[in-house]
Amino acid sequence: MTSSRNASKPPSIDDVRLRPILNKVESGERLSFDDTVTMYRSSDILSIGYMANLVRERMHGDVTYFNVNRHINPTDVCVASCRLCAFGKRVKDPTAYTMSLEQVWEIAGKGYAEAVTEFHIVGGLHPELTLDWFCKMLAGLKERYPGVHLKAFTMVEVAYLAKRTKISIRETLERLKAAGVDSLPGGGAEIFSERVRRIICDHKIDGDEWLDTARTAHQIGLKSNCTMLYGHLETAEDRADHLLRLRTLQDETGGFVTFIPLAFHPQNTVLSHLPKTTGFDDLKQIAISRLVLDNIPHIKAYWIMMTPGIAQIAQRFGANDIDGTVVEEKIYHDAGATTAQHLRRQDLLRLIREAGREPVERDTSYRPVTRTESAFTVLV
Ligand code: V47
């Protein structure tokens, strides 16, 4: 299917408050905090989606990126008992797990060793696993799978390892980089609002520390992603503040590659009384992210979190990435996600093509990956 560019133009902007924002978007002017809050308060989702699609096609044309990756969570033991999380377990919990180094290296290769271009490695804050242990894990992965990009450790894990090792964040990052880390994932940012952070993740580093750790990573040449957890106790102003603080750091470092809005999944968390986000909110959040984060190249609709169906529609609401094949996602599934834990390459291609977009397999640095279909027939 081919796309007709800008065919989604609505006949009119129903919400008059969006008209000045459309003028800014058309002329490439940066949106303000107030513009952002105005969009959150509007239910004219087609107009917001139209504006986001305009920017998305300006930046990426019809391309939607995906990758072939594997998630590895070496441990679910975590000293922080965040109310938002259904994944972390106390060290004494009999159901908790911690992989041995050999198990990490073995699981990394299962089924996908020759097709995968990225290992996405995150885990709990384990009170006994040392920086040396993680460096050994990384070096072992590089030795066994030299072509695979290691996107590993959230800013929260980095800060915890630095504290436990009694060295600076910079030195911790330098040691992880030397051992094999190629870039950092975007997790742990949650929402920067101190009021909300105190309730949903009071044991974690605060927003400024998250941003400082990201700044240091970027300064030593490590790119990273960034995220925002939404759909819990935050206000429209909190979301706008979070996006603008990411944009300000990006102006300074240019180190963020992709932004991933993460919808809160309440099941099995202390906040299980909260309702799940709606498709309406998820699509609006994707669109507003594209419009506000004018300096972050990519917006990812993470299909695991939003369902493949919404992630597909998101490709017309500002997103230009759908994440990857994933394999064995735990964090969202422990919190009640009912999506699959793995999509085949051909499933992703279908979702993207059906949305009128051109699928491009990428590596973590967004370089196109070329393969023969027959190679995948064998491997997937
Ligand atoms: O940091 C934890 C969030 C994140 C829940 O960088 C929850 O490419 C919803 O960061 N409901 C981990 N969210 C996932 C993540 C990620 C995912 C995909 C790609 C990338 C990337 C990063 O998930 C955590 C936290 O913010 N989280 N618990 C929950 N109950």
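Data for the structure
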| read-out | value |
| --- | --- |
| The stretch 190-244: mean projected area of Cα convex hull, nm² | 3.8 |
| 1.4 Å probe accessible area per residue over the chain, in Å² | 40 |
| Carbon plus sulfur fraction of accessible area for the stretch 264-363, probe 1.4 Å, in percent | 54 |
| Descending principal axes extents, the stretch 245-312, alpha-carbon based, whole Å | 39, 28, 17 |
| Solvent accessible area, Å² - Leu349, 1.4 Å probe, full protein context | 20 |
| Hits among aspartates and glutamates - C-alpha to C-alpha of Lys163 under 13 Å, sequence gap 8 or more where chains match | Glu128, Glu171, Glu209 |
| Volume per residue of the C-alpha convex hull in the stretch 187-312, rounded to whole Å³ | 105 |
| Per-residue SASA entry for Lys330, accessible area with 1.4 Å probe, Å² rounded to 10 | 50 |
| Choice from Val369, Val104, Val122 with maximal GNM fluctuation in the chain (Cα, 10 Å cutoff) | Val369 |
| Convex hull of the stretch 121-276 built on C-alpha atoms - directionally averaged projected area, nm² | 9.6 |
| Debye log10 I(q)/I(0) at q = 0.12, 0.15 Å⁻¹ for the chain, Cα point scatterers | -0.90, -1.45 |
| Degrees, to the nearest 10: 131-144 long Cα axis against longest axis of the chain | 80 |
| Accessible-area value, Arg247, 1.4 Å probe, nucleic acids and ligands omitted, Å² | 20 |
| Among Ile304, Ile167, Ile121, residue whose mean-square fluctuation peaks in a GNM of the chain (springs only between Cα atoms under 10 Å) | Ile167 |
| The chain, relative contact order in percent, only Cα pairs under 8 angstrom and at least six apart counted | 22 |
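The values are calculated or read from the model by the stated rules, or taken from the named source; none is laboratory data. The structure displayed is predicted, hence computed values, not measured ones. Ligands, DNA and RNA are excluded from the accessible area calculation, which covers all protein heavy atoms including side chains. Shrake-Rupley method; radii C 1.70, N 1.55, O 1.52, S 1.80 Å.
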